[in-house]
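The structure under discussion appears below in the form of structure tokens.
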Amino acid sequence: MIPASGSYQLSNARVHRSLTPGLAASYDADGFALADIAVADGKISSIVAHGKSKTPADAIDLGGRIVLPCFVDCHTHIDKGHIWPRKPNPDGTFMGALNATGSDRTARWGAEDVARRMDFSLRSAYVHGTKAVRTHLDSVPPQEEISWPVFEAMREKWRGRIDLQAACLLGIEGVRDKAWFERLVKRVAAAKGVLGVVTYMLPDLEELLDQVFAQAIKHGLDLDFHADETEDVSAISLKKIAEASLWNGFDGNILVGHCCSLSRQPDLEVLDTLDKVAKARLAVVSLPMCNLYLQDRRNNGTTPRWRGVTLLHEMRARGIKVAVASDNTRDPFYAYGDLDMLEVYRMGTRILHFDHPVGDWPKAVAATPAEVMRLDGVGTLAPGGSADFIVFKGRSWTELLSRPESDRIVVRDGRAIERKLPDYAELDELMVG
Ligand SMILES: [Zn+2]
């Protein structure tokens, strides 16, 4: 359908208001409008409301199929991805995940093992229509010496297809070893990475956060936290991060993932936290599939009663930037997943109610994570931008989100890419015990 060379026009494309800044069109209640998209030299040369200008005779009529910009996945763990067959989670709990992953990392995460699994993940993400990925990299010694060079090589290999970013991942108690932490920060800065830690309610949390912010300021790094991935109502590290950002006068980007316990806390506590999160301009990413899997896991013959996700609606209402992302794929933290952001959006719609109305929720998988990751011109459809978009079969939300859309067309720089998912059998030799 998409020509292999030359310029062309797609007519009758269904585009969404939240992802087409500047397009004057009459949008329906679902936020959709029909548009004609012209593509030349790998870029979108124009987008106009359908019927506003004369359609060329050779235009490709999409018949109202939905066209979205390529996805941005701002929270993944592709260094952990796909280890499930050799290291499953024995009981589906968070502690089960932590212990299983730790022992697999110590025993098996050489450079080739990490590189091959990362590449497998990126191939899947690319085929599903993702253009940019941020991964966390387990950075407890000695893994940081192995994984950061692998990341740098992988970023080069994928340049032009996937913008790959990395954030270090360690429990914040690791910051207590000041000399080692400073070395890690320098390594991250040298790789143009992002400074990331996991926060818990430690007695010295505020002091440790101050050290993290001091290093981020010193090296000009953005921050990315895992916070409060628990049902424990006393977990309020999201608030602590916001307070630390304010009193340190931090002006970089901060992304905070999970924040599960927030949805279990009393309203007054929640309001105070959200005020501070908004004031500190934190962005929040929810990981709905991983949260559904790990949170409220009971293992006592009873059924989970809560979804595990954070308060995205309340955050969005206060102007806090909100995103959803893949998180783990086929590892002890989440047994499933394939870095398909359409699946994440579909699951987000079901778990978090991104519907009735849909409003601007589609930004949560495209424009908003692109802003957080400082990717200019990514995650929207606009004249002058790269012709990077996905043509779906669905013509409405109910059609788009009811089927896997395995036959979607992914267009990069104006051309349809070959969409062949990697075969799991490729990883078999890495999985032998
Ligand atoms: Zn994560």
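The values are calculated or read from the model by the stated rules, or taken from the named source; none is laboratory data. A quick note: this is a predicted structure, and the numbers were derived from the prediction, not measured. Using ideal geometry, Cβ is built from the backbone for each residue, glycine included, and neighbour counts are taken over all protein chains shown.
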Of the residues in the stretch 173-187, those that are in contact with an Asp or Glu (Cβ under 9 Å, 6 or more places away or on another chain), closer than 15 Å to His136 by Cβ and surrounded by fewer than 21 Cβ atoms within 10 Å (Cβ to Cβ) come to Arg187
By residue number, the members of the stretch 24-78 that are among the acidic types (Asp, Glu) and assigned to a strand (DSSP E or B) are Asp36, Asp61, Asp73
Scanning the stretch 227-251 for residues that are within 16 Å of the ligand (Cβ to nearest atom) and assigned to a helix (DSSP H, G or I), the one nearest to Thr273 (Cα to Cα) turns out to be Leu238
Only unsatisfied item for Asp91, checking (1) more than 20 Å from Gly196 (Cβ to Cβ); (2) within 16 Å of the ligand (Cβ to nearest atom); (3) of a type in the set (Asp, Glu), is (2)
In the stretch 43-88, anything at pLDDT 95 or above, of a type in the set (D, E, K, R) and more than 16 Å from the ligand (Cβ to nearest atom) is listed as Lys43, Asp61, Arg65, Arg86, Lys87
Cβ pairs under 7 Å, 6+ apart or interchain, first in the stretch 384-396 and assigned to a strand (DSSP E or B), second among the basic types (Lys, Arg), ordered by first then second residue, are Ser386/Lys43; Ile390/Arg408; Val391/Arg65; Val391/Arg408
The condition from (1) charged (D, E, K, R); (2) outside any loop (DSSP other than H, G, I, E, B); (3) within 29 Å of Phe392 (Cα to Cα) that Arg307 misses is numbered (2)
Of the residues in the stretch 239-257 that are in contact with a Leu (Cβ under 6 Å, 6 or more places away or on another chain) and not small (Gly, Ala, Ser), the one that is nearest to Asp73 (Cα to Cα) is Val256
Scanning the stretch 281-315 for residues that are touching a Phe, Trp or Tyr at 6+ places or on another chain (Cβ under 8 Å) and away from the ligand (no atom under 16 Å from the Cβ) gives Asp296, Arg297
Okay, strands (runs of 3 or more DSSP E) sitting entirely in the stretch 111-211 with 3 or more residues that are away from the ligand (no atom under 16 Å from the Cβ) and on the phi < 0 side of the Ramachandran plot, I get 130-138
Given the conditions (1) assigned to a helix (DSSP H, G or I); (2) in contact (Cβ under 8 Å) with a residue 60 or more places away in the chain; (3) within 12 Å of the chain's Cα centre (by Cα), every one holds for Leu339 apart from (1)
Every listed condition ((1) part of a helix (DSSP H, G or I); (2) in contact with a strand residue (DSSP E or B) (Cβ under 8 Å, 6 or more places away or on another chain); (3) among the charged types (D, E, K, R)) holds for Asp224 save (1)
Across (1) surrounded by 22 or more Cβ atoms within 10 Å (Cβ to Cβ); (2) without any contact (Cβ under 8 Å) to a residue 12 or more places away in the chain, Ala190 clears everything bar (1)
